[in-house]
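Nothing in this text is a laboratory measurement; each read-out follows from the coordinates by a stated rule. Values in this document were obtained by computation on a predicted structure and should not be read as measured data. Here the Cβ is made from the backbone with ideal geometry for all residues, glycine too, and neighbour counts use every protein chain on show.
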Amino acid sequence: MPYPVYFTLEEARAVLPVVNENLRRLQTVHLALEFLSNIQIENDDGDPEIDVLITKLNMNYYKKLFLYHKYLSKLLSMGAVIKDLRLGLVDFYSRYEGRDILLCWKTSETDILYWHEPDTGYTDRQPIDLLEKQTTNGPYASGT
């Protein structure tokens, strides 16, 4: 699939449930990886029980790492642009009056309500309503 993937507003809204589900899974796995990567156990005495514990922790870590890449790959292949994993901030490329824009969504929001220019960010986002009011060729949803 070519990158970036361009969405109309309706297309981006249609994939939100799948994006939301995979993003939440990715966030959960990310937190687990952070926790597991901070565990440091030394077995200077060569205790076999500690070796088993270390092996189990390593297995858990690599399982979580696999899941992390699985969920991230799914999101990226769908065309979602992860801007901030902790905040749950995702953008979708779109076109408006012949130029690229980013439809902006955050997991705490129920819908895509904002957009911004590619060279700006979350703090500069504008309401979607402005796109629909400013367009001269009908509703923005045409994706052109």
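General observations
- Going from the fewest other Cβ atoms within 10 Å to the most, the residues T28, T8, T55 appear in the order T55, T28, T8.
- Low-density loop positions, trypsin sites (Lys or Arg not before Pro), the range 1-34 - DSSP coil, at most 15 other Cβ in 10 Å: none
- Among V90, V19, V52: highest mean-square fluctuation, GNM of the chain, C-alpha pairs under 10 Å: V52
- Charge-dipole axis of the chain as Lys and Arg at +1 and Asp and Glu at -1 on Cβ define it, positive-most pick from Y68, V18, T28: V18
- Entry note, the chain: relative contact order of 26 percent, from Cα contacts under 8 Å with a spacing of 6+ residues.
- Against the main long axis of the alpha-carbon atoms of the chain, helix 48-78 sits at an angle near 10°.
- Charged side chains reduced to their Cβ positions (Lys and Arg at +1, Asp and Glu at -1) give the chain a dipole of some 500 debye around its Cα centre.
- Amide proton proximity set for F7, modelled H, under 5 Å, gap of 5+: Y93, S94, R95
- Contact order normalised by residue count of the range 1-79, Cα under 8 Å, 6+ apart, percent: 55 percent
- The chain: angle of helix 9-37 to the longest principal axis, Cα-based, in degrees nearest 10: 20 degrees
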